[in-house]
Amino acid sequence: MATRRRGGSTEQVLVAGAGAMGSQIAVVCALAGLEVGLYDVDPAMLTRADRELRDRMSKQIAKGRRTAAEVDDAFARLRMDTALSALTGVDLVIEAVVEKLEVKRALFAELDQRCPPGTILASNSSSFVPSQMAHATARPDRFVNLHFFNPALVMRCVEVVRGPETSDATVEAAIDLVERIGKLPVVLDREIPGFVANRILNAVRDEAIGLLEGGYASIEAIDTACRTALGYPMGPFELMDLTGIDIGYLTKQARFEETGDPADAPSATVRAKVEAGHLGRKTGRGFYTYDEHGNRTRPT
Ligand code: 3HC
């Protein structure tokens, strides 16, 4: 990728991990005019990301949200790769790989070796805080969490989380990037697992699962109450199906392994879904089932 720095601001971004989050983050950056590399070890993930992004963009063009020229320009700025090559001009990396600490730490160690010393390394993790990952690198001052929300093409908030060693310049560059891509930065001055939004969301989720497991109300009833009484755009079970039931599971499991507190452990309901491979929309079945077009059919 050609280097196009302007006044030290971010011009080239690498997104590592082409799942739903990483791929949408990448296209958001490309639509904002940045040069973007989307990296994944699995070529099938890149093929799927390309197909889904083109499909989403076609719908936006059809609805008159974007012009075909804007979308073509964005795709011309978005390169997909299964190798971590040509990182010399990358100003900032956003990691969005699986929620496993050892995987993230190994990736950050490699990125630290391959990226120029000035590159900022950012994680999209909500479960792992900067201090758990920054020391896999020799640049903890240039490490920050940039936490996007699903669907990243739509949700405006991005939490910018500073670790104990994150420099002011890194936080400023992160805020600058978030604003540049049309999102709204919410800065956390001190790290805490789950940050702001997911901590609040988890409390709602735990309560919803408790009501279900206690036999007080059905999945549909709980979701309907949240939508129609509380004005939530989606009920907690619908949302778990959207974000991936495994994501919440892995987050809770990691927290539980750290604290040993049974209150932090994944619920039996969520564990059973994960063990059955019913992870939500991405597998066609979670708390609800979905047809081949992604339309919801019924609770499982
Ligand atoms: N990917 C990309 N875009 C999507 C999408 C998806 N999966 N689902 C819907 N959209 C887009 C649509 O294309 C449409 O775009 P347009 O306005 O340009 O036409 C727009 O979103 C609105 O979609 P719809 O009209 O079909 O449906 P809704 O009005 O119900 O909106 C929603 C869908 C935006 C997903 C809304 O239901 C919502 O806000 N849900 C809550 C999402 C939420 O809480 N996210 C946070 C999850 S927690 C998290 O991400 C943390 C992480 O750590 C796990």
Report summary line: Taking placed amide H atoms and a strict 5 Å upper bound, the residues 5 or more places from ARG66 or on another chain that come that close are ILE61
Query raised in the report: Cα centroid distance between the stretch 34-96 and the stretch 109-151, in Å?
Result: 21
Query raised in the report: With each label point set 7 Å from Cα along the Cα-Cβ vector, what nm distance links VAL103 and GLU70?
Result: 3.3
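Within 10 Å, count the other beta carbons around each residue, average over each peptide in 81-89, 128-136, 111-119, and list them highest first. Show your work: numbers first, answer last.
Values: 81-89: 14.4, 128-136: 20.6, 111-119: 16.3.
Result, highest mean Cβ count within 10 Å first: 128-136, 111-119, 81-89.
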Requested in this report: At 20 °C and 1.002 mPa s, grab the translational diffusion coefficient of the stretch 129-233 from Stokes-Einstein with a Kirkwood Rh over Cα pairs, rounded to a whole number in µm² per second.
Outcome: 136
Report task. Return the long-range amide H neighbours of VAL158 (sequence gap of 5 or more, or a different chain), with a cut-off of under 5 Å between placed amide H atoms. Result -> LEU184, VAL186
Report summary line: Here, the chain modelled as identical Cα point scatterers in vacuum has Debye log10 I(q)/I(0) at q = 0.08, 0.11, 0.16 Å⁻¹ of -0.35, -0.68, -1.39
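Determine the share of the stretch 12-188's accessible area contributed by carbon and sulfur atoms, expressed in whole percent, with a 1.4 angstrom probe. Don't skip to the end; give the middle numbers.
Values: 3700 of 7130 Å².
Answer for the stretch 12-188: carbon and sulfur cover 52 percent of the accessible area.
Rounded to the nearest 0.05, what FRET efficiency is calculated for ALA217 and GLN113 with R0 set to 41 Å and r the Cβ-Cβ distance?
Numbers: r = 52 Å, r/R0 = 1.27.
Result of the calculation: an efficiency of 0.20.
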Query raised in the report: Counting each DSSP H run of 4 or more residues in the chain as -39500 (n - 2.57), what helix-only mean residue ellipticity at 222 nm follows after dividing by all residues, to the nearest 500 deg cm²/dmol?
Result: -14000 deg cm²/dmol
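Sort 22-31, 232-241 by the packing proxy (mean of other Cβ within 10 Å over each peptide's residues), most packed first. Before the final figure, lay out each step's value.
Working: 22-31: 25.4, 232-241: 21.1.
Ranked by mean Cβ neighbours within 10 Å, highest first: 22-31, 232-241.
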Query - On Cα atoms only, tilt of 168-180 relative to the major axis of the chain in degrees - result: 70
Query - Environment charge at GLU102 (Cβ cut-off 15 Å; Lys +1, Arg +1, Asp -1, Glu -1) - result: -2
Query raised in the report: What FRET efficiency comes out for the pair LEU184/TYR232, r = Cβ-Cβ distance, R0 = 22 Å, nearest 0.05?
Result: 0.70
Query raised in the report: Each label point is 7 Å from the Cα along the Cα-to-Cβ direction; what then is the distance between the points at HIS135 and ALA268, in nm?
Result: 3.9
Requested in this report: Go through the stretch 56-73 residue by residue and turn each phi into a ³J(HN,Hα) via Karplus (6.51, -1.76, 1.60, θ = phi - 60°); whole Hz please, and just put x for glycine and proline.
Outcome: 4, 5, 4, 5, 5, 5, 4, 7, x, 6, 9, 8, 4, 5, 4, 5, 4, 4
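Given a 1.4 angstrom probe, what's the average accessible area per residue across the chain, in square angstrom? Numbers along the way, then the final one.
On the way: 14110 Å² over 300 residues.
Counting only protein heavy atoms, the per-residue value for the chain is 47 Å².
Using the C-alpha gyration tensor of the stretch 69-124, what are the square roots of 5 times its eigenvalues, in whole angstrom, with the largest one first? Can you show the working numbers first?
Values: eigenvalues 107, 43, 21 Å².
Semi-axes (√(5λ), whole Å): 23, 15, 10.
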**Report entry** Simple spin-label estimate for ASP261 and ARG298 in nanometres, 7 Å along Cα-Cβ
**Finding:** 4.0
Query raised in the report: Taking the Cα centre of the stretch 41-158 as origin and charging only Cβ (+1 Lys, Arg; -1 Asp, Glu), how large is the dipole, in debye to the nearest 20?
Result: 400
Query - GLU165-ALA276 FRET efficiency (beta carbon distance; Förster radius 35 Å; 0.05 resolution) - result: 0.25
Query raised in the report: About the Cα centre of the chain, what is the dipole size in debye to 20, counting +1 per Lys and Arg Cβ and -1 per Asp and Glu Cβ, all else neutral?
Result: 760
Report task. With θ set to phi - 60°, apply the Karplus curve 6.51 cos²θ - 1.76 cosθ + 1.60 along the stretch 110-121 and write out the HN-Hα couplings as whole Hz, x wherever there is a Gly or Pro. Result -> 5, 4, 4, 5, 8, 8, x, x, x, 5, 8, 9
Query raised in the report: Computed over the Cα atoms, what is the radius of gyration of the stretch 205-300 divided by 2.2 N^0.38 Å, N being its residue count?
Result: 1.07
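Pairs LYS252/LYS282; LYS59/LYS273; LYS183/LYS252; LYS183/LYS282: which are spaced more than 22 Å apart, C-alpha to C-alpha?
Details: LYS252/LYS282 20 Å; LYS59/LYS273 31 Å; LYS183/LYS252 27 Å; LYS183/LYS282 25 Å.
Those over the limit are LYS59/LYS273; LYS183/LYS252; LYS183/LYS282.
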Report task. Sum up the charges of everything whose Cβ sits under 14 Å from the Cβ of ASP264, counting Lys and Arg as +1 and Asp and Glu as -1, but leave ASP264 out. Result -> +1
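The values are calculated or read from the model by the stated rules, or taken from the named source; none is laboratory data. If you're wondering where the values come from, they're calculated on a predicted model, not measured in any experiment. Cβ: placed from backbone, ideal geometry, glycine included. Neighbour counts: every protein chain shown. Ligands, DNA and RNA are stripped out before the accessible areas are found, and what is left, the full protein with its side chains, is counted by its heavy atoms. Shrake-Rupley method; radii C 1.70, N 1.55, O 1.52, S 1.80 Å.
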